[in-house]
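See structure below.
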């Protein structure tokens, strides 16, 4: 399959780029790695953090939201950029200090296609790894499809991506990284910001708010469905479902076969509070539709299958790959009945 071949080539290129930018884990013994992952699990993967969405992803009073009109239009539709400083603070004070030092990442950033107080339903769109530039994502994400279904569209930039990425991060963004604690805190920040965005949309008259994400954005959208009860729809496409599974599939774990399996299990446990296959959705499974590409060789359809088995959600496949998404439009058609019902309310 052409899509699969392109994915394999790009996966090799991206892997080399990420390794140059983020480096590898220190060459330490297997026991040290297991102890470190156990410490992270003890700090973050408590029952309360995994089971209770308000415990781990709390939202508070919204900060002031700045609006900056975009000079050009998208398909004749006005756009505005929203920016605000999240109320989220990292659990680990040292990571919070790192967050505060990164001035480019301090504000949540959203490109809103439509009028923020139009009264239309809103679909949040979340990009994949290395993405996040709103001008680029308007071309890559199915903005026109959601607009044609009656939605305003909110294109987010994940932490440390797009305009939130420091110019010095020339090779790869800071997140995700080889540090599990950093990844947990960054996913937690992303979800709290997304919950704040849902509140912003509702405060401005949106009758319903859904989320669609691709790849890393698919993971994030599925994670949001475990944290935001007011979501009307969640559509993870070509999703990542488990960082531990991804690391094992792409041979990121060192050591002998049994050591790699031990590291996989330890990382899987440590990441549980931000894992969509360890947390339970807080919306009905009928409101979740998972889309996967048969030729996907970057996240691989196994991630979508694991997510579908965990949530009990509808799972639709199409023939393309992760990058060459042949058949994406027909796959999205499976979502249309749910969408029409939402817009008709």
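Read-outs throughout are calculated quantities, based only on the coordinates presented, and are distinct from any laboratory measurement. Bear in mind that the values here come from a model prediction, so they are computed numbers and not experimental data. Don't worry about glycine lacking a Cβ; one is built from the backbone with ideal geometry, like all the others, and counts go over all protein chains shown.
List of remarks:
- Measuring spread by the Cα atoms of the range 288-345 yields a radius of gyration and Dmax of 12.3, 39 Å.
- Counting 0.36 nm for each residue step from residue 265 to residue 230 and taking away their Cα separation leaves a gain of 9.4 nm.
- Residues 55, 103, 226, 311 in ascending order of nearby Cβ atoms (within 10 Å, fewest first): 103, 55, 311, 226.
- The long axis of helix 257-270 is offset from the longest Cα principal axis of the chain by roughly 40 degrees.
- Segment residue 280-residue 35, length gained on full extension (0.36 nm per residue, minus Cα span): 85.5 nm
- Each Cα pair of the range 219-345 feeds into the Kirkwood radius, which the Stokes-Einstein equation turns, at 10 °C and 1.306 mPa s, into a diffusion coefficient of 103 µm²/s.
- Fully extended contour minus Cα-Cα distance, from residue 319 to residue 96, at 0.36 nm per residue: 76.0 nm
- Under a Gaussian network description of the chain, with springs only between Cα atoms under 10 Å, the residue in 308, 97, 206 that fluctuates furthest is 97.
- Taking a ≥ b ≥ c as the square roots of the eigenvalues of the alpha-carbon gyration tensor, the range 228-301 is classed oblate because a/c is 1.5 or more while a/b is no larger than b/c.
- Of 112, 149, 32, the one that fluctuates the most in a GNM where the chain has Cα springs shorter than 10 Å: 32
- Shown is the FRET efficiency for residue 139 and residue 66, computed with R0 = 30 Å from the Cβ-Cβ distance and rounded to the nearest 0.05: 0.75.
- Average projection, convex hull of the Cα set of the range 104-233: 7.5 square nanometres.
- The calculated 222 nm mean residue ellipticity attributable to helices in the chain amounts to -12500 deg cm²/dmol, summing -39500 (n - 2.57) over DSSP H runs of n ≥ 4 and dividing by all residues.
- Virtual spin-label span in nm between residue 48 and residue 199, 7 Å along Cα→Cβ: 2.0 nm
- Using the alpha-carbon positions of the range 169-245, Rg (one decimal) and Dmax (whole number) come out as 13.6, 41 Å.
- For the pair residue 178 and residue 333, label points projected 7 Å from Cα toward Cβ lie 4.7 nm apart.
- Label point of residue 83 set 7 angstrom out along Cα-Cβ; within the range 159-190, amide nitrogens under 20 Å from it belong to 159-169, 174, 190.
- Averaging 1/r across all pairs of distinct Cα atoms in the range 154-296 and inverting the result yields a Kirkwood radius of 16.3 Å.
- If both residues of a DSSP beta bridge must be in the range 30-344, then about 45% of such bridges are antiparallel.
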